[in-house]
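K.L.:
Mind looking over this structure? Questions follow.
The values are calculated or read from the model by the stated rules, or taken from the named source; none is laboratory data. In this text, all values refer to a predicted model and were calculated from it rather than measured experimentally. As a convention, Cβ positions derive from the backbone with ideal geometry for all residues, glycine included, and neighbour counts pool all protein chains shown. Heavy atoms of the whole protein, side chains included, go into the accessibility calculation; ligands, DNA and RNA do not. Shrake-Rupley method; radii C 1.70, N 1.55, O 1.52, S 1.80 Å.
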Amino acid sequence: MRRSIQALTTAALAGAMLAFGSGMAVAAPAPADADVDTFSVPAAETAAATTAWTPERMEAAIPADTLVLDQIAELDTAPAPDGAATTYAADQPVLQATRVSPVSHIGKVFFTLGGLDYVCSANSVTSANGNTVSTAGHCLNEGPGDFASEFVFVPAYENGSAPYGQWPAVELVAPTQWTDGGDINYDTGFAVVASQGGRTLAATVGASGVSFNQSTGLSYTLYGYPAASPFDGETLQQCAGTASRDRIGGTTSQGVSCDMTGGSSGGPWFIGSGSGGVQNSVNSFGYNTQPGVMYGPYWGSVIQGAYQSAQG
């Protein structure tokens, strides 16, 4: 069942929303004007998804960046905003991603859209329900269009191994700016997964704090499972760098020098260094005319509203 809901607030609280650790959240109320689209996954589909994804089916899944190629191509061919150059700043050399050991709360998501199987990256985030996963909006909704089916989160994936099992979604959530308009500025979504054996996801693998309405131009560490050459999607990769504004398409997204490819969509951006930081964006897209730069949406009040809807 699909329904649009209006996130409500009982008090005004400006500035950042922060959540730290796997057991506590300090959250500002969702903004009153945040339209959020929520899809409740049928119980039968949730139950079936647990065993639907065989290793062979996972390996054959398509990186979901193909779902946003048309939107990005339109931005890529538009005149550069403010007459800006169409190349990344000279002091920002392309940073090559490096392989890192699996992180318990970072993983891959597998899902079906339009009859095709796709793969993205994702992260377990702190929530009141203990079962909330962050990813890119295009990794759970066509933007605009239908929500995904058979959505599962596989934390700490590596070379086909799923040490914490598969966690099927019971609910998918994204801003209406994405689900109704396909606005790449809001390319973030959240999945609520089912508990396993009486334990929540956060209690099993941990969870990252989240932060909204922060300054731009921060330093980040990015994670994901890039699958297109020269990567194969089987190992976790990492980049780190300082974010810069979008000089190509004029979006509110920020770019970090990083050569991760398709399949890394939805992977978390942590403020500072390492995977123990607070999450503040996700891998979203890159431009053909600007290779080696990964863009992530600005996590402001709209995306905060989607998170609040999912985490409760």
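K.L.:
In nm, to one decimal, how far is the SER273 label point from the ASP35 one, both placed 7 Å along Cα→Cβ?
P.N.:
If labels sit at SER273 and ASP35, their model points lie 4.4 nm apart.
K.L.:
At q = 0.14, 0.20, 0.22, 0.23 Å⁻¹, work out log10 I(q)/I(0) for the range 189-312 with the Debye formula, treating every Cα as an identical point scatterer and leaving solvent out; two decimals please.
P.N.:
Here the Debye-derived log intensity ratios amount to -0.63, -1.19, -1.35, -1.42.
K.L.:
Quick one: if you stick a label point 7 Å off each Cα along the C-beta vector at ASP146 and THR235, how many nm between them?
P.N.:
Simple spin-label model gives 3.7 nm for this pair.
K.L.:
Also: Based on the Cβ-Cβ distance from ASN129 to THR50, what FRET efficiency comes out when R0 is 25 Å, to the nearest 0.05?
P.N.:
Plugging the Cβ-Cβ distance into 1/(1 + (r/R0)^6) gives 0.85.
K.L.:
Full-extension gain between ASN288 and GLN96, please, as 0.36 nm times their residue separation minus the C-alpha to C-alpha distance.
P.N.:
Gain on extension, ASN288 to GLN96, equals 67.5 nm.
K.L.:
Now a separate question. Relative contact order, percent, of the range 183-285 when contacts are C-alpha pairs under 8 Å separated by at least 6 residues? Spell out each step's value before the answer.
P.N.:
Numbers: 177 pairs, mean separation 30.4, N = 103.
This gives 30 percent for the range 183-285.
K.L.:
Can you tell me the order of 226-239, 138-151 when each peptide is scored by its average per-residue count of other Cβ atoms within 10 angstrom, highest first?
P.N.:
138-151, 226-239
K.L.:
To continue, here is another question. For SER104 and THR216 in the same chain, what is the full-extension length gain: residue separation times 0.36 nm, less their Cα-Cα distance, in nm?
P.N.:
Once the chain is fully extended between SER104 and THR216, it gains 37.5 nm.
K.L.:
What accessible area per residue comes out for the range 104-166, rounded to a whole number of Å², with a 1.4 Å probe?
P.N.:
On the way: 1460 Å² over 63 residues.
That works out to 23 Å² per residue.
K.L.:
Further, regarding this structure: Need the full-extension length gain, ALA73 to SER195, defined as separation in residues times 0.36 nm minus the C-alpha distance. One decimal, nm.
P.N.:
Details: separation 122, 0.36 × 122 = 43.92 nm, distance 3.92 nm.
Computed gain between ALA73 and SER195 is 40.0 nm.
K.L.:
Here's another thing I want to ask about it. Report, to the nearest whole %, how much of the accessible area of the range 122-221 belongs to carbon and sulfur atoms, 1.4 Å probe, protein only.
P.N.:
It is 41 percent, rounded to a whole number.
K.L.:
Another question, then. Within the set of other residues whose C-beta is less than 10 Å from the C-beta of ASP180, count the net charge using Lys and Arg as +1 and Asp and Glu as -1. Mind dumping the intermediate values first?
P.N.:
Working: positive: none; negative: ASP35, ASP37, ASP183.
Cβ neighbours under 10 Å give a net charge of -3.
K.L.:
Can you give the relative contact order of the range 95-196 as a percent, counting alpha carbon pairs under 8 Å and 6+ residues apart?
P.N.:
28 percent
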